[in-house]
Amino acid sequence: MLKKSWPKQPDNQKYPPGDYVQVRNTSRSVFMTSDLGVNMPAAFKKRGWDKIWDPQKALVAPEHAGAWWRPIDKVSQRESHRQNAEWARQMGVPEENILDLGRIGIDHHMSVEGAWVTPGSFYLCGDNHTISVGGVGAFGFAPSASNNFIMRFGWTWLRVPGSVKFIIKGKLKKGVMGRDVLEYILKEYGPTVALNKVAEYAGPIIDQMSIDSRCTMCCLSVFIGAKTGIVNPDKKVLDWYKARTDYPFEPLASDPDAQYAAIYEIDGAKIEPMVVVPPHRSTVKNIAEVEGTPITNAFIGSCASGRDEGLAVAAKIMKGRKVNSKVVFNITPGSSASMTRATESGVLETLLKAGAFVCAPGCGMCPGFYTPLAENEVCIGSSTTNVPGRMGAESAKVYLGSPATVAASAIEGKITDPRKYLQEE
Amino acid sequence: MALKFKGKTWIFGDNLDVDNEIVSFAKLHYGVFTHDQLGEHCMENVDPEFHKKVKKGDIMVAGTNFRCGHDHPHAPQSIQQCGISVVVAESFDENYIKNSVAIGLPLIELPGIKKKVKEGDVVEADLHAGIIENVTTGESIKFKPFPDFLLDMLEAGSLEAYGDKLIAEGKG
């Protein structure tokens, strides 16, 4: 897939792994976040830059923090977005590319939901969880500190990665989700197994997996060192896009004879619900080893979950049950679109009746927006990382698991294997 | 700029997380310190005294998977602010080098470097020539130099200053 997409790049040269090359966005949009203090107009003004690379492709939204605001910021989220949006209009960005609260979500969600990223494209957007878009067969890449430069010049650079392939065979046990597969890979092969490489996921389990779970696996590929995670786009993905956009795109897939630095075959039946334990992101255990650990908080949300599937599995587990009296269960849909669907399907009603605290779409608790952890609290989240202080107080402890594990734990007030709540199907 | 750096080395381990070992995400995020104070908190979860001991121009040597986790640009900012002139690592996560070059802080990947350098050795790095010399031991190690456009970026001092240069040359 990767090699095939290179010839579309500007200088059309051969790209051996390890070389540094300039790369251009080839997707429908380039994301320009406009919250968390990002102030592109000021940066452009400071340098005397008076135009952006391609106004038709710029997409502007206050997507990470949304409505949240931290008192330490000199400029509020609203002010930051207002300045960015006004400036974008002056730069010629079309009105339909300037989005605001109520029509957005985390960039990594809305880029797929709104078909702003297209299969087979090279897509530049925000932070390194952009690689979530590998779930629809796009090569996501994070400009991070190069945002202003990309918006002005339209290109960035990377070191050409090699690839590793994970073939997940057999059948997953009930209650085991895409998240568990990725954490299992981290547990078995360590945090550098895909360092600076493309992590490709394939095999019967991936074929059957939802787009949501594929995006989750790609999103979390950051933690096995991957430059990007990717799944070859199949009919499911192409149908999804045909229903959502007329924008032309050319899906790409890896060649059957592609060269891999390594191929790992994994028996899906061996994968249990997995839990990342504090304080290091790379310490992963089978749930049996941590079951019973008391918790005070539970969280479903962020670019690592917060999609329809995660909300739906939580509702399935919570239906007719209550959140434990000692637990605050924060559920933050990743986008307004996801929240709308969860409303239509009754998922949100179930979660609200169970006593979950449903927050406004965005990153939610993952970086401590809304219900940040207090001193010494213990949380299990389906979010990205557990570095101390990530979700609030540095003394708080953060465990990570699938949305099913989080929901089951929220009921019992301790880390709980979700399978006991998923038997009745 | 010649892109030559000479300084005393500080050695660190593997899998240093941007938000934990390199500099605390939480403390920055919740306002315990500001962006201007990042240098004073560099590596404090590994060595609380590091920022006091390090001198301007010193060189950081790290192990594998340097800068793992998120791609927050405050990590290279912290390293640069505390005075480090260049980072040499066994291997590094790619997002780091993008954020690092963007602020004019070079990073060199050199497998085996930790076997060739002890803490306190004086090391000289020449980015154009692709040579690192351990001045203390006299040993030279070669590495593949960056392509010209990256050397240009580093010489400009920041990605945005490089952008100015592109515009001046009619390439923007």
Exercise. Which one is farthest from the other protein chains (Cβ to nearest Cβ), of the residues in segment B:9-23 that are at pLDDT below 85 and either within 14 Å of B:Phe50 (Cα to Cα) or part of a helix (DSSP H, G or I) (or both)?
Worked result: B:Val18
Seminar exercise, completed: Output for Cβ contacts, cut-off 9 Å, separation at least six or different chains, first residue more than 7 Å from every other protein chain (Cβ to nearest Cβ) in segment B:90-102, second among the aromatic types (Phe, Trp, Tyr), reads B:Glu90/B:Phe66; B:Phe92/B:Phe66; B:Tyr96/B:Phe66; B:Ser100/B:Phe92; B:Val101/A:Trp157; B:Val101/B:Phe146
For this session: Hey, can you tell me all the residues within segment B:24-38 that are in contact with a Ser or Thr (Cβ under 6 Å, 6 or more places away or on another chain) and either facing chain A (nearest Cβ under 7 Å) or at pLDDT below 85 (or both)?
Result: none
Problem set entry | Residues located in segment B:146-172, provided they are facing chain A (nearest Cβ under 10 Å) and either in contact (Cβ under 8 Å) with a residue 60 or more places away in the chain or within 16 Å of the chain's Cα centre (by Cα) (or both) | B:Phe146, B:Leu150, B:Met153, B:Ser158, B:Leu159
For this session: Go through segment A:170-184 residue by residue and tally those that are in contact with a strand residue (DSSP E or B) (Cβ under 7 Å, 6 or more places away or on another chain) and not β-branched (Val, Ile, Thr).
Result: 4
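Matching residues to (1) of a type outside the set (Ser, Thr, Tyr); (2) more than 11 Å from every other protein chain (Cβ to nearest Cβ); (3) under 18 Å from the mean Cα position of the chain (by Cα):
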{"residue": "A:Val112", "(1), (2), (3)": "yes, yes, yes"}
{"residue": "A:Tyr123", "(1), (2), (3)": "no, yes, yes"}
{"residue": "A:Val133", "(1), (2), (3)": "yes, yes, yes"}
{"residue": "A:Phe139", "(1), (2), (3)": "yes, yes, yes"}
{"residue": "A:Ser144", "(1), (2), (3)": "no, no, yes"}
{"residue": "A:Ile150", "(1), (2), (3)": "yes, no, no"}
{"residue": "A:Trp157", "(1), (2), (3)": "yes, no, no"}
{"residue": "A:Lys165", "(1), (2), (3)": "yes, yes, no"}
{"residue": "A:Gly170", "(1), (2), (3)": "yes, yes, no"}
Seminar exercise, completed: Counting only helices (runs of 4 or more DSSP H) wholly inside segment A:1-94, the ones holding at least 2 residues that are modelled with pLDDT of 75 or more and within 25 Å of the chain's Cα centre (by Cα) are A:77-90
For this session: Would you check if there is a residue in segment B:39-52 being under 27 Å from A:Ser282 (Cβ atoms), buried (at least 22 other Cβ atoms within 10 Å of the Cβ), of a type in the set (A, V, I, L, M) and within 14 Å of chain A (Cβ to nearest Cβ)?
Result: no
Seminar exercise, completed: Across (1) touching a residue at least 40 places away in the same chain (Cβ under 8 Å); (2) of a type outside the set (Asp, Glu); (3) within 21 Å of B:Asp121 (Cα to Cα), B:His51 clears everything bar (1)
Exercise. Considering segment B:86-110 alone, what residues qualify as being in contact with a Pro (Cβ under 7 Å, 6 or more places away or on another chain) and either at pLDDT below 85 or at positive phi (or both)?
Worked result: B:Tyr96
For this session: For segment B:74-85, state whether one or more residues are at negative phi, modelled with pLDDT under 90, β-branched (Val, Ile, Thr) and buried (at least 18 other Cβ atoms within 10 Å of the Cβ).
Result: no
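A quick yes/no check of all residues on (1) free of Cβ contacts under 8 Å to residues at least 40 places away in the same chain; (2) within 24 Å of A:Met110 (Cα to Cα):
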position	(1), (2)
A:Glu291	no, no
A:Thr296	no, no
A:Phe299	no, yes
A:Ala314	no, yes
A:Gly320	yes, no
A:Lys326	no, no
A:Gly334	no, yes
A:Arg341	yes, yes
A:Lys353	yes, no
For this session: Among the numbered conditions (1) farther than 24 Å from A:Val277 by Cα; (2) surrounded by 22 or more Cβ atoms within 10 Å (Cβ to Cβ); (3) in contact with a helix residue (DSSP H, G or I) (Cβ under 8 Å, 6 or more places away or on another chain), tell me where A:Ile380 comes up short.
Result: (1)
Problem set entry | Only one of A:Thr192, A:Thr245 that is surrounded by fewer than 21 Cβ atoms within 10 Å (Cβ to Cβ), without any contact (Cβ under 8 Å) to a residue 60 or more places away in the chain, of a type in the set (Val, Ile, Thr) and outside the structural domain of A:Ala407 (by TED's automatic domain parsing) | A:Thr192
Seminar exercise, completed: Every listed condition ((1) within 14 Å of the chain's Cα centre (by Cα); (2) farther than 17 Å from B:Glu124 by Cβ) holds for B:Thr9 save (2)
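The values are calculated or read from the model by the stated rules, or taken from the named source; none is laboratory data. Just so it is clear, the model here is predicted, and its values are computed rather than measured. For neighbour counting, all protein chains shown are included, and Cβ atoms are generated from backbone atoms with ideal geometry for every residue, glycine included.
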